[in-house]
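Beneath this line is the structure, given in structure tokens, with notes to follow.
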Amino acid sequence: LRIRETVQGKEGLQLKAFVSHLTDIELAERQASENIDRQDLSWIDQALFLAGLEAGGNEVKGAAEKILKIDRTVAWRMRNVMMAIPGDVVRGIGSAKKIGMPRWVALAELFEKSSAKATAAANAMIERLNEVDATGGATASAGRSDKRFLAVFNAVKKAVEQPKNHSGRKTNAA
């Protein structure tokens, strides 16, 4: 049912509204369509959207793959990445448009090896990057989040794969 209404605003402004009664799935489909049409979503943006859809209830969760127009394998990888990497780390990195699925999966595997070390290293790097951004060291360029991903990935890899000497202590080897 679509209703077209004209509403008189506070200062004589008119607002036209189309009211539609939608199911949760129809609403999710429209949101996905609007987001995908508005911009070319990166792989991780789609993974975040999938996670949001699946948090929306059973009806939407069952239709999430169809709504995003992805197959089960891609959805499975997205779910695994989102389960392994904390959401604040993903959001701290950003869209990373040139960073595709293989590198996000590699980062997730590092988190699976040692979640505590990976999380600490990622958060420390994101904090450092945010400080640089705040002091004017970064410009708003399209590749900024790609660089953030690489910086976080390298910090996490170094922390997780740092070799230990025979006493069990970490060595200073680079």
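The values are calculated or read from the model by the stated rules, or taken from the named source; none is laboratory data. In this text, all values refer to a predicted model and were calculated from it rather than measured experimentally. As a convention, Cβ positions derive from the backbone with ideal geometry for all residues, glycine included, and neighbour counts pool all protein chains shown. Just the protein is used for accessible areas: all its heavy atoms, side chains included, with ligands, DNA and RNA removed. Shrake-Rupley method; radii C 1.70, N 1.55, O 1.52, S 1.80 Å.
Is one or more of the residues making up the stretch 19-32 modelled with pLDDT of 75 or more, surrounded by 15 or more Cβ atoms within 10 Å (Cβ to Cβ), aliphatic (A, V, I, L, M) and within 26 Å of the chain's Cα centre (by Cα)?
Checked the stretch 19-32: no residue is modelled with pLDDT of 75 or more, surrounded by 15 or more Cβ atoms within 10 Å (Cβ to Cβ), aliphatic (A, V, I, L, M) and within 26 Å of the chain's Cα centre (by Cα).
For residues that are in contact with a Ser or Thr (Cβ under 9 Å, 6 or more places away or on another chain) and of a type in the set (Gly, Ala, Ser), tally how many sit in the stretch 71-89.
Within the stretch 71-89, residues that are in contact with a Ser or Thr (Cβ under 9 Å, 6 or more places away or on another chain) and of a type in the set (Gly, Ala, Ser) number 1.
Just give me the residues in the stretch 76-107 being more than 16 Å from ALA122 (Cα to Cα), assigned to a helix (DSSP H, G or I) and either in contact with a strand residue (DSSP E or B) (Cβ under 9 Å, 6 or more places away or on another chain) or open to solvent by 20 Å² or more (accessible area, probe 1.4 Å) (or both), in sequence order.
TRP76, ARG77, ARG79, ASN80, MET101, PRO102
From the residues in the stretch 137-174 that are at pLDDT below 90 and of a type in the set (Val, Ile, Thr), which one is surrounded by the fewest Cβ atoms within 10 Å (Cβ to Cβ)?
THR139
In the stretch 108-133, how many residues are open to solvent by less than 70 Å² (accessible area, probe 1.4 Å), assigned to a helix (DSSP H, G or I) and within 21 Å of ARG77 (Cα to Cα)?
7
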